[in-house]
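No lab work stands behind these numbers, since they all come straight from the coordinates. Computed from a predicted structure; not experimentally measured. Here the Cβ positions follow ideal geometry from the backbone for every residue, glycine too, while neighbour counts run over all protein chains shown.
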Amino acid sequence: MRVLGIETSCDETGIAIYDNEQGLLAHAIYSQTEIHEKYGGVVPELASRDHIQKTLPLIETVLTEAKCKASSIHGVAYTAGPGLVGALLVGASIGRSLAFAWGVPAIAVHHMEGHLLAPLLEDKTPEFPFLALLVSGGHTMLVDVRAMGEYHVLGDSVDDAAGEAFDKTAKILGLGYPGGPKLAELAQKGDRSRFHFPRPMTTRPGLDFSFSGLKTFALNTLQNNSSAKEDIAAAFEDAVVDTLLIKCQRALRETGYKRLVVAGGVSANLHLRETLDRAMQDIDVQVFYPRHEFCTDNGAMIAFTGCKRLIAGQRTDLKVAARSRWPLSELERIENSL
Ligand code: KG4
Ligand code: ZN
C-alpha cells in the first residue's frame, strides 16, 4: 500500500509518500518560520493562508521526486488534530478531496501518534510494548504503548509543554522565534553549574509535568545577572532535561519496560539525547529516536501512521473534520498492520 501523507497542524507544511513494501519514497517540508518570525510566535491565520498556498505545489513536488503518478497512490492520510484548527482544516480539506477525486480511501491521523511512531521509520525499531516520551511544542507526555494504536497516558503537562517552555524562555533571553533550537545552541556555550533551576514536580509522586515556573525563574535570574544569558540557557536546559529524565526513570520502574521511545520537536535536543543515552545505558534500557529531521513536524510520520491504519482496514468518511483537542486514548488499536 502506497500512501500520501499531509501535515499542516501548525507552522510546517509536510508532505510525504510512504510505501509499506518500499519504505519512504519521498518527503518535503516547508517551514513558515520567516512568516511568523517578526511576530515572535505563530499567527494562526497566517499559518492557514500559507498552508493553502503551499500544500498542493508541495504534493506535486513530492510525487515527481518519488517518480509516482497520482494513480499509483492507494490512500491519503492527513493530520486531523490536535493543532491549530484553521491550519488543520487546510490539510484535511485537501487530503479528503484528493482521496475522493482519486477514488482511494482517506484516513485522519492524530498528530501525536505520528510523532510517537516516527522512530519506526528508522532501521532499528522498537518492539511493542514500550514507554514513549513525547516532547513537542504543544505536549509533554509519558505514554504506555502496549501496541500500535493502544496508548495509555501515564503523565501529561499541567501547564506549558517542554517545547513551549523552551520557546518562552528563549523569548525572555531575546533569542527570537523559533526559540528552542536557538536556546539549545546558546546553552552549549554556557556553564551548567553556575545557576541551579528547580526540577518541577519531581519531589512528589506522579508522572505529570509542569514547566511554566521555569520561565519565571529564568526571568528573575536574568534580572539579577543580565550578562549571563549563556549560563541561564544552560541551567534552564539542564533543569528541563533532568526533569524529563527523572520522570522517564520513574515510569520505566513502574511499567518494567526496557525500551524507551523519545519523539516530538524537543527530541532533537542534543543535551537531552546525550543525558538519556547515558542514563538508560546504566539501567539497560534501549532508547529510540526519530532521525533529526523527523523530530519536528513532518509529512513522513503522517504517511507512515496513515498507511498502518489503512492496511488495518480503518477509513475516515467523507466529512472534512479537524479537532484542536483529541486525546490519544480515544484512538483505535491498529490490528494486523505490519
Ligand atoms: O513537534 P514540533 O515540531 O511541533 C509540535 O507538535 O509542537 O515541536 C516544536 C517544538 C518547539 O517548541 C521547538 O522550540 C522545539 O520543539 N524544539 C527544540 C529543539 N528543536 C525543536 N527544543 C529544544 N531543543 C531543540 N534542539
Ligand atoms: Zn508536532
**Q.** Sparsely packed trypsin sites (Lys or Arg not before Pro) within region 147-230, loop by DSSP, other Cβ within 10 Å at most 13
**A.** Lys189
Q.
Among Thr203, Ile52, Leu331, which residue has its Cα furthest toward the positive end of the charge dipole of the chain, with +1 on Lys/Arg Cβ and -1 on Asp/Glu Cβ?
A. Leu331
Q. Remind me, relative contact order of the chain in percent, using alpha carbon pairs under 8 angstrom and six or more residues apart?
A. 26
Q: Just tell me which lysines come within less than 23 Å, Cα to Cα, of Lys67; anything on the same chain fewer than 8 places away is out.
A: Lys54, Lys308
Q.
Sort Leu133, Leu272, Leu331 by Cβ crowding within 10 Å, fewest neighbours at the top.
A. Leu331, Leu272, Leu133
**Q.** Dipole moment magnitude, nearest 20 debye, the chain about Cα centre, only Lys, Arg, Asp, Glu C-beta charged
**A.** 280
Q: Among Thr13, Thr221, Thr203, rank each residue by its count of other Cβ atoms within 10 Å, from fewest to most, as a rough exposure measure.
A: Thr203, Thr221, Thr13
Q. How far, in degrees from 0 to 90, does helix 85-102 lean away from the longest principal axis of the Cα atoms of the chain, to the nearest 10?
A. 20
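Would you tally the net charge around Asn224, using a Cβ to Cβ cut-off of less than 14 Å, leaving Asn224 out, and scoring K and R as +1, D and E as -1?
Charge balance near Asn224 sits at +1.
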